[in-house]
Amino acid sequence: MILLQSHSRFLLQTLQNRVQNLEKGVELDYHWVEFHDVRYHIQVSMKNSHVLLLSVSLPTPPPDAIFFGGLPFGAIEAIKAAYGVVVQILDPPRDGFNLTLKLNLSKLPPDEEYRHALLVKIASVRETVLGAPLRVILKQLASRTVASNMDRLVAILHRPNESFFLLPRIEKVTVVFPMRFKDSIDIVLATSFLQEFVEARRTTGLHNAPSCLWSASAPLELKGAPAEALLANAGFVTFVIFPRHVEGKKLDRTVWSLSTFHAYVSYHVKCSEGFMHTRMRRRVESLIQALDRAKPELESPKKKVQSRSFKRLSLNEARTNSES
């Protein structure tokens, strides 16, 4: 199975091209959308060619998600910790966006490897912002502490008007995803995919992975959640995260995997659907070829018998022919 990358490839390519051509006064004004929910805008002016403005618009949060100033809780602290002096947060952000960052490209580190790592972090702004609440809770799990205001069900935004839920405890964090799809075929494929996903967890090589459960009805952990959260046409997926899953460098991978789990499932569902359509088309083409080969060949018309004419000979001519 394919794991999605944490950074925006287009954003990273744009940043790298801009850094390589920093002396050239070229204006930039790009808009694009990724994951069907996060909108980006990059702008560079001729006057300040070393200054890049990056604006990000997040999905519309549901009422149960915790937002402060248009951003998930912990997002401001996460941005400052990840980017340092290279990035400045503009307040207020540009109209229509939740966040606007001012990047001073002249302050990038001279070391090429370190500079590339920092650009990858900047290109991973979606993970930094949307994954900030999840990172805060999982860091507390790693230190085996729970904040006084985090001992209840926590809703975290991951899609427009949709959340997944965390139930923090000192020894573990339970993560529950209500899985919703619009297309009826996607619902069937996703349900089958998730059931196989749970079965794959039981294989020998995945004993150290987080435990995974699927259920058609809402699990007990969602007791007290809003009624809208209990409506899931593809069931509910539950992960149990222990401290060993968030130790050291595992924290970043766990945060990204959980915050993009629905996109991960949707990607593989669409790939499966496309694969089946391709197989069906090939099968139809092979059947058509078999039918063409089964058609009887047209019989060639019978050769016409050439008509012969007879000449009546006289008696003298007949005797001459017989003597010769």
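The values are calculated or read from the model by the stated rules, or taken from the named source; none is laboratory data. Computed from a prediction, not measured in an experiment: that's the story for all the values here. Reconstructed Cβ throughout: ideal geometry from the backbone, glycine too, with neighbour counts over all protein chains shown. Heavy atoms of the whole protein, side chains included, go into the accessibility calculation; ligands, DNA and RNA do not. Shrake-Rupley method; radii C 1.70, N 1.55, O 1.52, S 1.80 Å.
Below is a table of values for the structure above.
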read-out: Neighbours by Cβ (under 9 Å, 6+ apart or cross-chain): first from region 85-110, touching a residue at least 12 places away in the same chain (Cβ under 8 Å); second acidic (Asp, Glu); value: THR100/ASP91
read-out: Any hit, region 136-156, residues being touching a Leu at 6+ places or on another chain (Cβ under 9 Å), open to solvent by 30 Å² or more (accessible area, probe 1.4 Å), among the basic types (Lys, Arg) and not in a loop (DSSP other than H, G, I, E, B); value: yes
read-out: Failed criterion for SER257 (all others in (1) loosely packed, with under 15 Cβ neighbours inside 10 Å; (2) among the polar types (S, T, N, Q); (3) within 22 Å of the chain's Cα centre (by Cα) hold); value: (1)
read-out: Index of the failed condition, GLU34 passing every other in (1) modelled with pLDDT of 90 or more; (2) surrounded by 13 or more Cβ atoms within 10 Å (Cβ to Cβ); value: (1)
read-out: Residue list for region 241-266, restricted to those being in contact (Cβ under 8 Å) with a residue 40 or more places away in the chain, of a type outside the set (A, V, I, L, M) and not in a helix (DSSP H, G or I); value: PHE242, GLU247, THR260
read-out: Boolean, ILE170 is modelled with pLDDT of 85 or more, in a loop (DSSP other than H, G, I, E, B) and among the β-branched types (Val, Ile, Thr); value: yes
read-out: Single residue of ASP64, ASP37 found to be among the acidic types (Asp, Glu) and over 22 Å from the mean Cα position of the chain (by Cα); value: ASP64
read-out: Matching entry among SER272, SER286 (being open to solvent by less than 100 Å² (accessible area, probe 1.4 Å) and under 31 Å from the mean Cα position of the chain (by Cα)); value: SER272
read-out: Answer from ILE76, ILE122 - the residue that is touching a helix residue (DSSP H, G or I) at 6+ places or on another chain (Cβ under 9 Å) and open to solvent by 20 Å² or more (accessible area, probe 1.4 Å); value: ILE76
read-out: Residues within region 81-114 that are on the phi > 0 side of the Ramachandran plot and either buried (at least 18 other Cβ atoms within 10 Å of the Cβ) or under 26 Å from the mean Cα position of the chain (by Cα) (or both), tallied; value: 1
read-out: Any chance GLU23 is out of contact with any Pro (no Cβ under 6 Å at 6 or more places or on another chain), of a type in the set (Asp, Glu), open to solvent by 30 Å² or more (accessible area, probe 1.4 Å) and over 22 Å from SER259 (Cβ atoms); value: yes
read-out: Extreme residue, surrounded by the most Cβ atoms within 10 Å (Cβ to Cβ), among residues of region 193-240 that are in a helix (DSSP H, G or I) and among the small types (Gly, Ala, Ser); value: ALA229
read-out: Residue pairs meeting the criteria (Cβ under 8 Å; at least 6 apart or on separate chains; first among the small types (Gly, Ala, Ser), in region 5-33; second open to solvent by 90 Å² or more (accessible area, probe 1.4 Å) and part of a loop (DSSP other than H, G, I, E, B)); value: GLY25/MET46
read-out: Flag for GLN43 being modelled with pLDDT of 90 or more, touching a Leu at 6+ places or on another chain (Cβ under 6 Å) and either of a type in the set (Gly, Ala, Ser) or surrounded by fewer than 19 Cβ atoms within 10 Å (Cβ to Cβ) (or both); value: yes
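So that you can scan it fast, the table gives a plain yes or no per residue for (1) under 19 Å from the mean Cα position of the chain (by Cα); (2) at positive phi; (3) modelled with pLDDT under 90; (4) of a type in the set (S, T, N, Q):
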| residue | (1), (2), (3), (4) |
| --- | --- |
| SER148 | no, no, yes, yes |
| ARG152 | no, no, yes, no |
| ALA155 | no, no, yes, no |
| ASN161 | yes, yes, yes, yes |
| ARG180 | yes, no, no, no |
| ALA190 | yes, no, no, no |
